[in-house]
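Only one structure is covered here, and it is reproduced in the block below.
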Amino acid sequence: MSKRAVVLAGGKGSRLRPYTVVLPKPLMPIGEYPILEVILRQLASQGFDRVTLAVNYQAEIVRAFCGDGSRWGISIDYSLETVPLSTIAPLCLIRDLPENFLLMNGDVLTDLPMQKLYEEHVSHRRQFTIAASERTNIVDYGVLHARENQLVGFEEKPKFQYLVSMGVYILNRSVLDRVPAGQKYGFDDLMLDMLARKESVHVERHSGYWLDIGRVDDYMRAVDEFDDRRKQLLPDEK
């Protein structure tokens, strides 16, 4: 079964400046590969045979590097945003999307089994699937709980756990019927609208490796860890 993916590769990478002044964020290096090449290799190895790169900022550099995808055994085409449209609205520019497809950010480093995620989404006839990861934040302070001027509680460096979106999704094309034309509309807008309409959104927890290299700390960690994890991230690498 042919599988299609859309990779969002048009962001300015503001959180990674000054690195992204010269390179677009998806071409930031992880080991000897840009992160986008890692993603394309993963998609190809998991049976995705066509990838659309949604580009905007420094689009010509992304296009020059990726070409038609033949060196990875996939077909790559491009969708160019003339104005920034966030994460969901750019999909409305792509006229030949299949009934179900994968959508992901171009700055995700993960061992998520994307083929399995896609196949389960299709077999269960889901509208929207979100890959999610647990994250723990530690507050670096002693947290005071006060009522007026009286201390009523105290926590030393408390920890908070969150379930967060990994930036990898499977969509049924019908979801795009609700997207307003010609304006910015992101993942957050879509989730709030689907919740308001009481529509079903499936959350698939992933306990494996995941980093958002758009964050400086995660990017530096990815650079440090890539060689030790390359067989986990690129098991089909030759």
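The values are calculated or read from the model by the stated rules, or taken from the named source; none is laboratory data. Bear in mind that the values here come from a model prediction, so they are computed numbers and not experimental data. We place every Cβ from the backbone using ideal geometry, glycine too, and count neighbours over all the protein chains shown.
Brief remarks on what is shown
- Residue match in region 51-68 (condition: touching an Asp or Glu at 6+ places or on another chain (Cβ under 6 Å) and part of a loop (DSSP other than H, G, I, E, B)): yes
- Some residue of region 136-154 being at pLDDT 95 or above, within 28 Å of residue 232 (Cα to Cα), part of a strand (DSSP E or B) and not acidic (Asp, Glu): no
- Subset of region 60-80 (residues that are among the hydrophobic types (A, V, I, L, M, F, W, C) and under 14 Å from residue 49 (Cβ atoms)): 72, 74, 76
- Of the set (1) assigned to a helix (DSSP H, G or I); (2) over 24 Å from residue 129 (Cβ atoms); (3) modelled with pLDDT under 90, all apply to residue 71 but (3).
- Contact map, region 106-133: residues that are over 21 Å from residue 235 (Cβ atoms) and at pLDDT 95 or above paired with residues that are of a type in the set (A, V, I, L, M) and surrounded by 18 or more Cβ atoms within 10 Å (Cβ to Cβ), Cβ distance under 6 Å, separation 6+ or inter-chain. Pairs shown: 121/170; 127/175; 128/171; 128/175; 129/170.
Conditions (1) under 16 Å from residue 102 (Cα atoms); (2) part of a strand (DSSP E or B); (3) of a type in the set (Val, Ile, Thr); (4) modelled with pLDDT of 95 or more, marked per residue:
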| residue | (1), (2), (3), (4) |
| --- | --- |
| 163 | no, yes, no, yes |
| 167 | yes, yes, no, yes |
| 174 | yes, no, no, yes |
| 180 | no, no, no, no |
| 188 | no, no, no, yes |
| 192 | no, no, no, yes |
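- In a residue-by-residue description of region 206-218, the property of being farther than 19 Å from residue 35 by Cα and among the acidic types (Asp, Glu) applies to no position.
- Restricting region 74-102 to residues that are in a loop (DSSP other than H, G, I, E, B) and touching a helix residue (DSSP H, G or I) at 6+ places or on another chain (Cβ under 6 Å), the residue that is modelled with the lowest pLDDT: 81
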